[in-house]
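Chemist: Mind having a look at this structure? Questions to follow.
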Amino acid sequence: MAFLVKGNKHHKRVVFQTRAMAEKQHLTVSSSSAKPAPNLGSKNQQSGFIIEELSQDDIESITDENCLPSLSQPAPIMSAATARAAMIPEVFKNLSPFRDLLNTQTSQAQDKTVQECLPFLSGESADFKYYNYHGLPHLDRKRHIAFLHKSLKKLPAPYVVADAARPWMFYWALSGLTTMGEDVSEYRKRLMNTVRPIQNESGGFGGGNGQMSHLAPTYAILLSLAIVGGDEALGLIDRKAMWKWLGRLKQPDGGFQMSVGGEEDVRGAYCAVVIISLLNLPLDLPRDSPAWTESVPTLLTNLPEWVARCQTFEGGITCKPDAEAHGGYAFCALACLCILGEPHVVIPKYLDVPRLVSWLSARQYSPEGGFAGRTNKLVDGCYSHWIGGCWPLVEACVKGPTMVSHHAKSTNLGSTDGSGDLYSREGLIRYILCCCQDVVKRGGLRDKPSHNSDSYHTCYVLAGLSSAQHKWNFNHLTAKGASGNLASPYHWNVEHVIRQPQIYDEEDRVETVHPVFVVPEGVAEATRAYFATTCAGWD
Amino acid sequence: MGKYEGDPAWDDVVPIPQDDGEGALAQIAYADEYAEAMGYLRAIVAAKEHSSRVLDLTVEIISMNPAHYTVWLYRASTIFALDHPIQQEIEWVNEVALDNEKNYQIWHHRQLLIDHLYPSISSDPVALQKLANSEIAFLTLMFNSDSKNYHVWSYRQYLVRKLNLFNASEIKSIEALLKVDVRNNSAWSHRFFIVFSNPEYATPGSAATAYDPGIPDALLDCEIEFSKAAIFEAPQNQSPWNYLRGVLRKGGRPLATQECFASEFAKIESEEEVKSSHALDFLADLWNEEGETEKADKALKLLGDKYDPIRKNYWEWRRKALKAA
């Protein structure tokens with residue numbers, strides 16, 4: 001406790017010093033924005049896209065009491081700040097040149113966010129003991145790893161609001177940990193014990209024991225089992241029951257409900273094809289499916305056509321036809337299409353690519369550098385994945401396949417200077433490392449500086465960082481252990497993006513994350529290979 | 001002793017405890033009330049019981065965990081099995097929705113209620129109008145605290161289709177929201193849906209980014225003027241620019257029909273004056289459409305170098321596409 005108080009004192013002192021500097025350099029920086037404000041749980045703050053809804057505010061407010069004591073050493077006064085500032089491009093330091101005078105709620109929220117982020121982006125936040133020459137702090141792996149391990153321990157009673165979405169906690173933690181290079185095999189046995197009572201005899205997994213099967217927790221559990229790996233873990237999934245259950249979710253219009261009688265949306269389309277592809281399920285629609293007719297004979301009939309109906313006039317993609325374009329659903333739709341076919345074939349076939357790319361491109365903001373989920377909404381770290389993760393898919397679509405022959409098991413990563421990029425990798429990396437890290441409280445990553453970290457944001461901010469640091473190519477020739485149905489997503493190869501100068505320190509490069517399945521490179525391939533070889537028919 | 005354990009109304013039910021598995025990950029230390037209620041719910045679901053006490057039990061569980069989709073779906077099936085009054089349920093759902101703005105399940109539940117109610121009133125215009133009025137009034141209340149709430153908007157689009165609300169009053173309520181905040185993209189998006197998906201004239205199945213010959217010319221003119229007026233208010237607001245492009249696309253009209261207008265906000269020829277990057281983007285596409293690739297290239301280069309450098313890679317890609325064409 002004494003340590004905590006001491007840490008806080010140092011923290012305040014440093015804040016004071018840098019604030020004085022900040023005011024000298026940036027008259028527009030409001031004094032309160034030099035330090036992340038506590039989350040006041042404002043109900044009006046829209047938290048990011050969540051593939052299965054948790055009440056994020058509730059969880060954020062209750063996990064405060066779990067805050068780690070501040071471990072930060074007294075930071076030196078930043079004598080190199082001026083030199084460093086010179087290395088930060090103007091576009092990440094200055095307000096947009098176009099600022100309309102008309103003042104509305106949207107513009108107020110946007111201005112507030114910019115003011116909140118600027119001190120972090122310009123190398124002036126007291127949260128960090130270190131900024132490199134390019135104005136970037138380190139990725140605080142140690143804290144983020146500790147945060148995710150802790151999220152798998154026993155959770156206090158207020159987490160009851162996450163009771164129907166608990167499998168996400170497994171996936172977010174395991175995915176985030178492996179992205180930071182952690183070995184998670186220690187969790188294999190416990191994960192298996194945890195998910196066994198969650199699987200339903202009628203197929204699929206629910207949010208917990210005794211809960212109805214639902215595509216979101218089923219997706220999260222399948223990916224979690226794939227991440228810890230091993231025949232025993234994968235073998236506990238009842239494939240045949242899963243196939244029958246997917247048949248019950250299939251709708252006559254082509255899409256999938258999330259649960260029997262539940263909502264039909266583009267998450268359902270994505271989760272369903274992830275499951276079909278990884279488990280190597282037969283594509284025939286079970287005859288007892290409510291959608292089955294002679295003209296709807298398979299699980300995939302009319303599915304890409306249904307996804308196409310989710311593109312809006314803006315070019316982005318919505319949860320279901322008629323609604324507003326949204327980053328989270330854009331990723332689900334594109335990843336779904338990239339399981340159904342090759343990106344350069346299937347995306348142009350079903351979507352208006354120029355409008356799509358225009359809309360995706362508009363999601364990146366300056367000076368923040370990060371992505372917003374919708375037009376005129378705010379940046380949020382989780383879109384580092386939901387929008388950031390669209391880029392490898394769209395870039396592969398516009399570039400076409402590479403024909404280089406890679407060996408499936410090659411460990412020699414090639415590298416590229418990133419030419420052919422459609423967005424600013426630098427901007428995203430700056431937003432992530434500068435604005436999304438909680439390095440003073442409990443660790444973990446976050447929406448923006450004024451928000452508390454949580455495992456959802458930790459997982460998806462790290463996935464976005466990985467995507468920004470690597471380049472995925474769709475390769476015609478390589479099929480990593482997969483042939484047969486829905487084999488396209490096993491054709492991706494990755495390269496390091498290496499640029500001179502590289503703005504972040506090489507030690508802050510994270511692991512490679514598969515652009516379609518969002519699991520560590522190699523995991524999806526191994527999972528598919530397991531089900532292809534051990535389950536040729538029904539087991 | 002728990003609430004249900006000591007209640008004679010429940011003494012025929014043997015609760016089923018939760019099987020968490022050994023050493024479960026992220027195990028939640030439930031409050032006793034929640035653990036007990038869920039034990040009774042598992043027993044009820046296993047017995048497929050649909051009775052009025054199920055309604056009480058699900059109210060209690062939802063009050064502790066409103067995101068519990070299983071409980072919502074089971075409640076809905078119980079309501080339909082019991083023929084429980086839908087209006088009464090909607091009133092209760094209103095309270096829960098106002099207390100849980102981010103909740104997703106409530107809106108699907110509400111949709112199930114309306115789907116169930118609809119056949120019984122579909123031939124009664126007065127009842128339909130009454131339902132539409134009360135639903136819209138409630139959504140307006142929700143928008144008072146968050147006018148961009150995604151789930152509420154998605155529900156509204158469902159409602160418009162269900163009750164055929166492609167009408168002037170729907171447009172009016174969108175205009176009211178845009179009057180408060182012309183940057184509310186959810187409202188713009190809803191307007192586009194109302195105008196261009198109206199089954200009275202819209203071609204069924206016409207994609208949102210496709211030309212639809214069914215849209216009346218007068219309507220296109222009106223929507224073009226509406227977006228232009230909004231752009232004058234705040235030229236860097238992307239929502240009406242996207243809307244304007246969407247309208248022109250639906251109407252099959254060339255961007256060049258708006259060259260004068262867009263040039264108000266971006267001049268790059270003899271003198272250079274740019275008030276909106278979106279105007280310059282619009283002009284680049286327009287000049288490309290008209291075959292004036294040099295001008296388009298200049299606009300895109302200016303965007304990347306000067307007016308919108310965060311998107312330089314994107315503008316460069318567009319420049320390459322000009323040359324390839």
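The values are calculated or read from the model by the stated rules, or taken from the named source; none is laboratory data. For clarity, every value in this text was computed on a predicted model and none was experimentally measured. Cβ atoms come from the backbone with ideal geometry, glycine included; neighbour counts cover every protein chain shown.
Chemist: Please list, ordered by first then second residue, the pairs with beta carbon atoms under 9 Å, 6 or more apart or interchain, first in segment B:2-28 and surrounded by 17 or more Cβ atoms within 10 Å (Cβ to Cβ), second assigned to a loop (DSSP other than H, G, I, E, B) and among the hydrophobic types (A, V, I, L, M, F, W, C).
Modeler: Pairs found: B:Tyr4/B:Val13; B:Val13/B:Ala47; B:Leu25/A:Leu152; B:Ala26/A:Leu152.
Chemist: Another question, if that's okay. Could you please find all residues in segment B:259-272 being crowded, with 22+ Cβ neighbours inside 10 Å and more than 10 Å from chain A (Cβ to nearest Cβ)? Full working, then the answer.
Modeler: Keep residues of segment B:259-272 that are crowded, with 22+ Cβ neighbours inside 10 Å, which gives B:262, B:265-266.
Hits for segment B:259-272 are B:Ala262, B:Ala266.
Chemist: Continuing with the same structure: Looking at segment B:76-85, which of its residues are more than 10 Å from chain A (Cβ to nearest Cβ) and not polar (S, T, N, Q)? So that I can check it myself, show each step before the final result.
Modeler: If we filter segment B:76-85 for residues that are more than 10 Å from chain A (Cβ to nearest Cβ), which is where we start, we get B:78-85.
Listed by number, the residues that qualify are B:Ile79, B:Phe80, B:Ala81, B:Leu82, B:Asp83, B:His84, B:Pro85.
Chemist: In segment A:343-362, how many residues are over 22 Å from the mean Cα position of the chain (by Cα) and β-branched (Val, Ile, Thr)?
Modeler: 3
Chemist: Given the residues A:Val345, A:Val353, which is the only one that is surrounded by fewer than 24 Cβ atoms within 10 Å (Cβ to Cβ), of a type in the set (A, V, I, L, M, F, W, C) and away from chain B (no Cβ under 12 Å)? First the steps, then the outcome.
Modeler: On the way: A:Val353 fails: away from chain B (no Cβ under 12 Å).
Residue meeting the stated conditions: A:Val345.
Chemist: Something else about it: Within segment A:308-328, restricting attention to residues that are farther than 15 Å from A:Val518 by Cα and part of a helix (DSSP H, G or I), which residue is nearest to the other protein chains (Cβ to nearest Cβ)? Please lay out each step first, then the result.
Modeler: Residues of segment A:308-328 that are farther than 15 Å from A:Val518 by Cα, as a first pass: A:308-327.
Adding the requirement that they be part of a helix (DSSP H, G or I) leaves A:308, A:327.
On the way: A:Ala308: 7, A:Gly327: 11 Å.
Top of the filtered list is A:Ala308.
Chemist: State whether one or more residues within segment B:293-300 are within 14 Å of chain A (Cβ to nearest Cβ), surrounded by 18 or more Cβ atoms within 10 Å (Cβ to Cβ) and under 27 Å from B:Ser186 (Cα atoms).
Modeler: no
Rundown of residues vs (1) touching a Lys or Arg at 6+ places or on another chain (Cβ under 7 Å); (2) part of a helix (DSSP H, G or I), yes/no style:
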residue: A:His134; (1), (2): no, no
residue: A:Leu139; (1), (2): no, no
residue: A:Arg143; (1), (2): no, yes
residue: A:His149; (1), (2): no, yes
residue: A:Ala164; (1), (2): no, no
residue: A:Leu191; (1), (2): no, yes
residue: A:Thr194; (1), (2): no, yes
residue: A:Gly203; (1), (2): yes, no
residue: A:Gln211; (1), (2): no, no
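Chemist: Being within 13 Å of chain A (Cβ to nearest Cβ), more than 17 Å from A:Val161 (Cα to Cα) and of a type in the set (Ser, Thr, Tyr) is the filter here, so list the residues in segment B:52-75 that pass it.
Modeler: B:Tyr74
Chemist: Among B:Leu280, B:Leu286, which is surrounded by 15 or more Cβ atoms within 10 Å (Cβ to Cβ), of a type outside the set (Gly, Ala, Ser) and closer than 19 Å to A:Thr375 by Cα? Full working, then the answer.
Modeler: Working: B:Leu286 fails: closer than 19 Å to A:Thr375 by Cα.
Among B:Leu280, B:Leu286, only B:Leu280 is surrounded by 15 or more Cβ atoms within 10 Å (Cβ to Cβ), of a type outside the set (Gly, Ala, Ser) and closer than 19 Å to A:Thr375 by Cα.
Chemist: From the list B:Pro15, B:Pro8, which residue is more than 30 Å from A:Lys189 (Cα to Cα), more than 10 Å from chain A (Cβ to nearest Cβ) and of a type outside the set (Phe, Trp, Tyr)?
Modeler: On the way: B:Pro15 fails: more than 30 Å from A:Lys189 (Cα to Cα).
Answer to the check: B:Pro8.
Chemist: Against the definition (modelled with pLDDT under 95 and either under 26 Å from A:Arg363 (Cβ atoms) or under 33 Å from the mean Cα position of the chain (by Cα) (or both)), how does B:Leu283 come out, yes or no? If you could, list the steps in order and put the result at the bottom.
Modeler: Details: modelled with pLDDT under 95: no; either under 26 Å from A:Arg363 (Cβ atoms) or under 33 Å from the mean Cα position of the chain (by Cα) (or both): yes.
So B:Leu283 fails the test.
Chemist: A follow-up question, please. Please indicate, with yes or no, whether at least one residue in segment A:492-502 is buried (at least 24 other Cβ atoms within 10 Å of the Cβ), over 16 Å from A:Ile145 (Cβ atoms) and touching a residue at least 12 places away in the same chain (Cβ under 8 Å).
Modeler: As a first pass, look at segment A:492-502 and keep what is buried (at least 24 other Cβ atoms within 10 Å of the Cβ): A:492.
Subsequent filtering for residues that are over 16 Å from A:Ile145 (Cβ atoms) retains A:492.
Restricting the remaining residues to those that are touching a residue at least 12 places away in the same chain (Cβ under 8 Å) gives A:492.
Yes, segment A:492-502 contains at least one residue that is buried (at least 24 other Cβ atoms within 10 Å of the Cβ), over 16 Å from A:Ile145 (Cβ atoms) and touching a residue at least 12 places away in the same chain (Cβ under 8 Å).
Chemist: Same structure, new question: Checking the conditions here, which among A:Ala233, A:Ala241, A:Ala216, A:Ala173 is at pLDDT 95 or above, within 14 Å of chain B (Cβ to nearest Cβ), touching an Asp or Glu at 6+ places or on another chain (Cβ under 8 Å) and not in a loop (DSSP other than H, G, I, E, B)?
Modeler: Only one candidate qualifies: A:Ala216.
Chemist: So A:Arg166 passes all but one of these: (1) surrounded by fewer than 23 Cβ atoms within 10 Å (Cβ to Cβ); (2) within 11 Å of another protein chain (Cβ to nearest Cβ); (3) basic (Lys, Arg); (4) in contact (Cβ under 8 Å) with a residue 24 or more places away in the chain. Which condition number does it fail?
Modeler: Checking A:Arg166 against (1) surrounded by fewer than 23 Cβ atoms within 10 Å (Cβ to Cβ); (2) within 11 Å of another protein chain (Cβ to nearest Cβ); (3) basic (Lys, Arg); (4) in contact (Cβ under 8 Å) with a residue 24 or more places away in the chain, the one that fails is (1).
Chemist: Given (1) within 13 Å of chain B (Cβ to nearest Cβ); (2) buried (at least 24 other Cβ atoms within 10 Å of the Cβ), where does A:Pro197 come up short, assuming only one miss?
Modeler: Failed condition: (2).
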